[in-house]
Amino acid sequence: MKGDRVEIVVDAGDTTRTYLVVASRAGRRVEASVKRGVVEVSEVTRNGTVVRTARFMAARVLALVEQPVPRQEESERPAGEG
């Protein structure tokens with residue numbers, strides 16, 4: 001969903017660096033996976049096409065924080081929406 005994000009904190013030697021991958025359009029989502037010592041975070045469309053990918057060595061990743069957009073319940077939406 002648009003606005004979903006994953007924050008990646010990476011050890012960069014003497015400091016840390018923070019990277020952010022965000023679902024930039026409606027219908028896209030952010031997926032994270034760990035494969036063969038590599039953390040991969042991708043923005044994916046509804047039909048599964050990867051739009052962009054960020055890859056990091058798993059040994060250097062300090063934190064991987066998924067921050068989904070809060071979903072509104074039907075009763076919480078303003079009149080005229082949804």
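Every number in this text was worked out from the coordinates using simple rules, so none of it is lab data. Keep in mind that this is a model prediction, so the values were computed, not measured. For neighbour counting, all protein chains shown are included, and Cβ atoms are generated from backbone atoms with ideal geometry for every residue, glycine included.
Reported to the nearest whole Å, the Cα centre-to-centre distance from region 39-73 to region 1-32 is 6. All other residues whose Cβ lies under 13 angstrom from that of ALA26 are scored, Lys and Arg at +1 and Asp and Glu at -1, for a net of +3. The charge dipole of the chain, taken about the Cα centre with unit charges on the Cβ atoms of Lys, Arg (+1) and Asp, Glu (-1), comes to about 420 debye, rounded to the nearest 20.
Using the Cβ of VAL61 as centre and a radius below 12 Å, the other residues enclosed give a net charge of 0, where K and R count +1 and D and E count -1. In sequence order, region 10-18 has phi-based couplings of 10, 6, 10, x, 8, 8, 10, 10, 10 Hz under the Karplus curve 6.51 cos²θ - 1.76 cosθ + 1.60, θ = phi - 60°, and Gly or Pro positions carry x.
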